[in-house]
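Contents: one structure, followed by commentary.
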Amino acid sequence: MNAVIRSTGLWTPDETVSNEELVECFNAYVEKFNADNAVAIERGSVEPLNPSSTAFIEKASGIKSRYTIDKAGVLDVDRMRPRIAPRPDDEICLMAEAGVAAAREALEAAGRDASDVDAVICSATSMQRTYPCIAIEIQQALGIEGFGYDMSVACSSGTFGMISAINMIKTGMARSVLVVTPEITTPQLNFRDRDSHFIFGDVAVAVLIEAEDMAGDGGWDVMTTRMMTKFSNNIRSNFGFLNASEDPEPEFEDRYFVQEGRKVFKEVCPMVIEMILGDLAKQDLTAADMKRLWLHQANINMNQMIARKVFDRDFEPHEAPVVLDEFANIAGAGSLVAFHRHNDDFQPGEKGLICSFGAGYSAGSIYLQKR
Ligand code: CO8
């Protein structure tokens with residue numbers, strides 16, 4: 001049975017942090033660090049820190065702002081990370097709460113309720129606990145029967161989760177699957193690192209995928225899908241359950257996201273361009289058949305390069321829409337939020353591509369045609 005992308009939903013935290021606010025806090029930290037370490041810096045045993053700049057951030061990345069689960073903690077120069085109150089076990093956890101809000105919006109958009117859904121996949125870069133699965137907590141909160149499980153493929157979490165759901169429907173294992181991608185990234189971000197303090201934001205997105213015969217006229221036919229992975233250490237987080245047993249214990253700062261941004265840019269762009277052009281050719285299509293590319297949202301320059309090479313011409317902003325100016329990099333949710341925000345002008349028969357790429361390396365493509 002063919003699968004149909006039926007609807008999407010979005011959750012954003014209430015609070016945002018602008019580049020200006022972020023840089024003001026970072027630079028206050030730098031001043032304080034350099035003053036506190038003035039003698040050692042003078043002696044040459046400690047390197048002074050350099051300030052950040054809003055002009056650099058916007059030019060290098062295209063990011064202007066980001067949503068965050070706790071603005072006060074992020075902008076507290078003595079803390080510089082979100083502050084989260086622990087919740088008792090009988091209260092819904094933060095990731096599930098964000099996922100449920102996005103999922104409810106997706107269900108409502110399709111006029112569905114919990115009894116229509118067979119399974120929940122929670123696919124995100126990091127999970128806030130090991131078990132029980134966040135997906136099962138979302139399933140419980142929504143009142144869905146059937147089953148749920150978690151999976152994780154960094155920036156391709158959203159697309160790989162969708163492809164898993166599409167395959168479940170194709171094999172007859174389920175007829176309706178909710179894919180939920182709550183990306184609570186800011187606790188994984190080292191806000192004291194000049195190279196990366198501006199990169200990520202928090203969000204949750206959900207996609208309802210149904211068997212063709214229950215989807216009616218609405219939604220999007222899935223033409224084809226593609227998953228690709230290739231090992232790289234250029235984007236890495238060593239945070240994990242073994243940290244608690246490591247001897248000597250790792251430094252707190254060593255457990256955050258780190259990357260070689262330039263190398264990622266240089267290696268991932270050609271990989272993705274080749275993948276898209278190859279997949280189009282296999283379908284006897286060209287980029288001219290694609291009305292829109294909903295690309296992963298890590299860096300505006302990266303997206304412009306990929307879109308220009310794929311279209312083989314200058315392109316209009318609506319052909320490769322940008323949401324990272326508002327959201328920053330939202331890991332596995334990026335291409336899905338771009339799709340959620342920019343799809344309501346499609347006419348039946350028009351085609352587009354959702355494409356994620358990032359840590360792993362990983363890349364995922366879903367070719368869609370409007371029903
Ligand atoms: N302010 C001012 N100057 C700065 C700053 C700053 N904040 N940071 C660096 N600079 C300086 C550098 O010191 C350097 O100076 P100099 O030339 O004198 O040495 C200069 O600016 C240029 O530095 P870079 O070469 O580092 O700058 P780039 O132009 O390469 O831009 C980017 C940096 C924006 C990081 C860019 O390389 C990039 O975006 N690359 C692609 C990265 C990418 O796609 N990564 C994928 C991310 S991974 C992912 O999406 C999911 C991971 C899982 C989520 C985890 C949750 C936390």
Cubic angstrom per residue, convex hull over Cα atoms of the chain
146 Å³
Residues of type lysines that Lys71 reaches as a straight line, Cα spacing below 27 Å, ignoring anything fewer than 8 places off in the same chain
Lys32, Lys59
Please give, to one decimal in nm, the separation of the simple spin-label points placed at Asp78 and Glu108, each 7 Å out from Cα toward the Cβ.
4.1 nm
Surrounding charge for Arg226, neighbours by C-beta under 14 angstrom, Lys/Arg +1, Asp/Glu -1, total 0
Using 0.36 nm times the number of residues separating Gln128 and Glu316, minus their current alpha carbon distance, what extension gain do you get?
63.8 nm
Mean-square fluctuation maximum in Gaussian network of the chain, Cα pairs under 10 Å, restricted to Ala103, Ala154, Ala281, hits Ala281
Other residues with Cβ under 13 Å from the Cβ of Gly216 give, with Lys and Arg +1 and Asp and Glu -1, a net charge of -3
Quick one: of the DSSP bridges fully inside the chain, what percent are antiparallel, nearest 5?
75 percent
I want to make sure I understand the PRE zone here: with the label point 7 angstrom from the Cα of Thr286 toward its beta carbon, which residues in the range 298-329 have backbone N atoms less than 18 Å away?
307-316
Gyration tensor verdict on the range 1-156 (Cα atoms; rounded if a/c is under 1.5, prolate if a/b is larger than b/c, oblate otherwise):
prolate
Cross-link pairs beyond the 18 Å C-alpha cut-off, checked among Lys64/Lys309; Lys230/Lys266; Lys282/Lys351; Lys64/Lys291:
Lys64/Lys309; Lys64/Lys291
Of Ser156, Ser65, Ser164, the most mobile residue in a GNM of the chain (C-alpha springs, cutoff 10 Å) is Ser164
So, counting K/R as plus one and D/E as minus one, what does the shell of residues with Cβ under 15 Å around Leu324 add up to?
-1
If I build a Gaussian network model for the chain, linking alpha-carbon pairs within less than 10 angstrom, which residue out of Asn37, Asn329, Asn233 has the largest mean-square fluctuation?
Asn37
Between Asp254 and Met1, what is the label-to-label distance in nm when each label sits 7 Å out along the Cα-to-Cβ direction?
5.1 nm
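None of the figures in this text is laboratory data; all of them are computed from the coordinates on show. The shown structure was predicted, so the numbers you read here are calculated from the model rather than taken from an experiment. Don't worry about glycine lacking a Cβ; one is built from the backbone with ideal geometry, like all the others, and counts go over all protein chains shown.
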